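Have a look at the structure below, then the notes.
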Amino acid sequence: MNTQNIPVHIRLWHKDFWLLVIANLLLMMSVYVLIPIMPLWLMRTENFTSYETGLSIGAYTIGLYLFGAQCSWLVQRFRRNVVCMWAIILVGLSVALLWYIDGLRSEFVEFWIILLQRLLLGAAFGLAQMVLSSTLIIDTCESHQRTEANHSAAWFARFALSLGPLAGLIAYHYFGFDKALWGSIGCAAMSLLLIRQVSFPFRAPEEGVHVASLDRFLLPHGVVLFFNLLLIMMAVGLVLSLPLTTDFYALLMGGFLLALLAQRFVFRNAELKSEVVSGLFILLAALLILLAYPTSPVSPLLMGLAVGIIGSRYLLFFIKLSRHCKRGTSHSTFFLAWETGITLGLTFGYAFLYGQRDLLFYVAFALTIASLLFYHFYAHQWFIKHKNR
C-alpha cells in the first residue's frame with residue numbers, strides 16, 4: 001500500500017466508533033490542557049526554578065513507559081474496556097492531586113511530590129492510550145477498515161494538541177489554575193462516560209500470555225522511525241515551551257485543518273516520500289517566521305500544517321511496518337514516539353533554554369534539519385526495505 005490517500009468507508013463511522021474517537025480526543029485534551037499552564041503555576045505560584053520545572057515535565061515521559069510491558073497481560077487478564085476506564089480514573093485522580101496541592105496556599109509543594117504526580121499521570125495516560133487507541137477503537141471496526149480507523153482516530157487525538165492548550169489558557173486567564181484543572185478532570189470524566197456507552201463482548205484470554213512483553217507496547221524493529229519522529233516532535237515541543245498565546249493555538253488548529261485538505265487534494269497521488277519531506281520544509285519555514293515575526297499568524301498555521309501531514313504519514317509508516325496482528329503495537333509505538341518527543345522538547349525548553357529564545361530556535365532548527373537529512377538519506381530507504389505491506 002504505497003498510495004498517499006486513505007479510502008473513506010462511511011460504514012466505519014457508526015455510533016460506537018464516534019463515541020470512542022471523541023473519548024480519545026477528550027482524554028488527550030485532559031492531559032494537553034496542562035502543557036502551557038502547569039509550568040506557569042510551578043514557577044509563579046510554587047516558586048520552582050525553570051530547571052525544576054523542566055525536570056518535573058520530564059518525569060511524565062518516564063511514566064509513559066511504566067505499564068507498557070504489562071499492557072497486553074492486563075488486557076488479556078481483565079476486560080479491556082475496564083482496564084482503560086481505570087487508567088482514565090487514575091488520570092483524573094492525578095490531576096485532582098494538583099488541585100489539592102494548589103489549595104494548600106500556606107505552603108510550597110515539595111519537588112518530589114510533583115515528580116511523583118507527573119510520573120503517575122504519565123503512567124495512567126500511557127496505559128489508557130495504549131488500550132483505547134490500540135485495542136478498543138480497532139475492535140469496533142471490520143478488519144479491512146482498521147487502517148482507516150487508526151488514521152481517523154489519530155487525527156482526532158492530534159486536534160487535542162491545539163484544543164487542549166487553548167482551553168487550558170482560556171480557563172487559566174479567566175478563572176485561575178484551579179478551574180483549569182477542573183476542566184482537565186471534566187474532559188477525563190466525559191471520556192470515561194463515553195467509553196461506558198460502548199458495549200464490548202467478552203473475549204476469552206489467550207493462553208501463555210506473559211506478564212511482561214512488547215505486545216501492544218513497542219515494535220523493536222521500528223526504532224529507526226521512532227527515533228526520526230522523536231526528533232521532529234522534540235523541535236515542536238521546544239516551541240511549545242515558549243510563552244504562546246491563545247491565538248497561536250487557535251491558528252495551530254487551522255493548520256491541522258489545512259493538513260487534512262492537503263492530504264485529500266495535494267498529496268493524494270504524490271510520491272510516497274513527498275509528505276514527510278514537504279512537512280519538514282514547512283516546519284523549517286514556520287520556525288523561521290516565528291523567530292523573525294513572533295506575532296505572525298502564518299507560523300502557527302504552517303506548524304499545524306507540517307505536524308498534521310508528518311504525523312499522518314508516520315502513523316501509516318508504522319502500520320505498514322508491522323504485521324497484521326501487531327497493528328495495535330505499531331500504533332502504541334507511534335504514540336510513544338510522538339508523546340516522548342513533545343515532552344522531551346518541553347523538558348529541554350524549560351530546563352536548559354528558558355529565557356534564551358534565539359538559542360531555543362537554533363536548537364529547533366538543528367533538530368528539524370537533522371530529521372530531514374536522516375529521513376531523506378536513510379530512514380525512507382530503510383522503511384521501503386523493511387515494510388511488511
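So which residues in segment 73-91 are under 20 Å from Glu339 (Cα atoms) and surrounded by 22 or more Cβ atoms within 10 Å (Cβ to Cβ)?
Of everything in segment 73-91, those that are under 20 Å from Glu339 (Cα atoms) and surrounded by 22 or more Cβ atoms within 10 Å (Cβ to Cβ) turn out to be Cys84, Ala87, Ile88, Val91.
Look through Phe248, Phe256 and report the one residue that is touching a Lys or Arg at 6+ places or on another chain (Cβ under 8 Å) and either touching a residue at least 24 places away in the same chain (Cβ under 8 Å) or buried (at least 22 other Cβ atoms within 10 Å of the Cβ) (or both).
Values: Phe248 fails: touching a Lys or Arg at 6+ places or on another chain (Cβ under 8 Å).
Sole residue among the options that is touching a Lys or Arg at 6+ places or on another chain (Cβ under 8 Å) and either touching a residue at least 24 places away in the same chain (Cβ under 8 Å) or buried (at least 22 other Cβ atoms within 10 Å of the Cβ) (or both): Phe256.
Do you know which of the residues in segment 334-369 that are among the aliphatic types (A, V, I, L, M) and open to solvent by 70 Å² or more (accessible area, probe 1.4 Å) is nearest to Leu230 (Cα to Cα)?
It comes out as Ile369.
Find the residue count for segment 60-69, including only residues that are part of a helix (DSSP H, G or I) and surrounded by 19 or more Cβ atoms within 10 Å (Cβ to Cβ). Can you show your working first?
Let us first name the residues in segment 60-69 that are part of a helix (DSSP H, G or I), namely 60-64, 68-69.
Add one more test, that the residue is surrounded by 19 or more Cβ atoms within 10 Å (Cβ to Cβ), and what stays is 60-61, 63-64, 68.
Residues in segment 60-69 being part of a helix (DSSP H, G or I) and surrounded by 19 or more Cβ atoms within 10 Å (Cβ to Cβ): 5 in total.
Restricting attention to segment 196-242, and to residues there that are assigned to a loop (DSSP other than H, G, I, E, B) and modelled with pLDDT of 95 or more, which single residue is most open to solvent (accessible area, probe 1.4 Å)? I'd like the intermediate steps shown before the answer.
Keep residues of segment 196-242 that are assigned to a loop (DSSP other than H, G, I, E, B), which gives 197-219, 241-242.
Pick out the ones that are also modelled with pLDDT of 95 or more and you get 241-242.
On the way: Ser241: 8, Leu242: 27 Å².
Within segment 196-242, the match that is most open to solvent (accessible area, probe 1.4 Å) is Leu242.
How many residues are basic (Lys, Arg), within 17 Å of His151 (Cα to Cα) and open to solvent by less than 60 Å² (accessible area, probe 1.4 Å) if we restrict to segment 259-280? So that I can check it myself, show each step before the final result.
Let us first name the residues in segment 259-280 that are basic (Lys, Arg), namely 264, 268, 273.
Okay, now just the ones that are also within 17 Å of His151 (Cα to Cα), so 264, 268.
Filter again for open to solvent by less than 60 Å² (accessible area, probe 1.4 Å), leaving none.
Qualifying residue count, segment 259-280: 0.
Identify all residues within segment 127-152 that are touching a Phe, Trp or Tyr at 6+ places or on another chain (Cβ under 6 Å) and part of a helix (DSSP H, G or I); write none if there are none.
Here is the first cut: in segment 127-152, the residues touching a Phe, Trp or Tyr at 6+ places or on another chain (Cβ under 6 Å) are 127, 129, 140.
Within segment 127-152, Leu127, Gln129 qualify.
In segment 260-280, what count of residues is obtained for those that are in a loop (DSSP other than H, G, I, E, B) and free of Cβ contacts under 8 Å to residues at least 60 places away in the same chain?
Residues of segment 260-280 in a loop (DSSP other than H, G, I, E, B): 266-273.
Right, trim to free of Cβ contacts under 8 Å to residues at least 60 places away in the same chain and you get 266, 271.
The qualifying residues number 2.
I'd like to know if segment 43-58 contains one or more residues that are under 20 Å from Ser332 (Cα atoms) and either under 20 Å from the mean Cα position of the chain (by Cα) or touching a residue at least 24 places away in the same chain (Cβ under 8 Å) (or both). It would help to see each step written out before you state the result.
Pass one, segment 43-58, residues under 20 Å from Ser332 (Cα atoms): 58.
Going one step further and asking which of them are either under 20 Å from the mean Cα position of the chain (by Cα) or touching a residue at least 24 places away in the same chain (Cβ under 8 Å) (or both), we end up with 58.
Yes; the residues of segment 43-58 include at least one that is under 20 Å from Ser332 (Cα atoms) and either under 20 Å from the mean Cα position of the chain (by Cα) or touching a residue at least 24 places away in the same chain (Cβ under 8 Å) (or both).
From the list Leu372, Leu283, Leu316, exactly one residue is more than 30 Å from Val131 (Cα to Cα), in a helix (DSSP H, G or I) and open to solvent by less than 10 Å² (accessible area, probe 1.4 Å). Which is it? Let's see the steps before the verdict.
Numbers: Leu372 fails: open to solvent by less than 10 Å² (accessible area, probe 1.4 Å); Leu316 fails: more than 30 Å from Val131 (Cα to Cα).
Answer to the check: Leu283.
Go through segment 174-188 and give me each residue that's under 23 Å from the mean Cα position of the chain (by Cα) and open to solvent by 50 Å² or more (accessible area, probe 1.4 Å).
Just the residues of segment 174-188 that are under 23 Å from the mean Cα position of the chain (by Cα), to begin with: 177, 180-188.
The one that is under 23 Å from the mean Cα position of the chain (by Cα) and open to solvent by 50 Å² or more (accessible area, probe 1.4 Å): Trp182.
Could you identify the single residue in Ala153, Ala171 that is open to solvent by less than 10 Å² (accessible area, probe 1.4 Å), of a type in the set (Gly, Ala, Ser) and in contact (Cβ under 8 Å) with a residue 12 or more places away in the chain?
Values: Ala171 fails: open to solvent by less than 10 Å² (accessible area, probe 1.4 Å).
So the residue among Ala153, Ala171 that is open to solvent by less than 10 Å² (accessible area, probe 1.4 Å), of a type in the set (Gly, Ala, Ser) and in contact (Cβ under 8 Å) with a residue 12 or more places away in the chain is Ala153.
Any idea which of (1) open to solvent by less than 40 Å² (accessible area, probe 1.4 Å); (2) part of a helix (DSSP H, G or I) is the one Leu301 doesn't satisfy?
Answer for Leu301: the failing condition is (1).
The values are calculated or read from the model by the stated rules, or taken from the named source; none is laboratory data. Please read these numbers as outputs of a predicted model, since none were measured by experiment. Methodologically, a virtual Cβ is constructed for each residue, glycine included, from the backbone with ideal geometry; neighbour enumeration extends over all protein chains shown. To get the accessible areas, we keep the full protein, side chains included, count just its heavy atoms, and leave off ligands, DNA and RNA. Shrake-Rupley method; radii C 1.70, N 1.55, O 1.52, S 1.80 Å.
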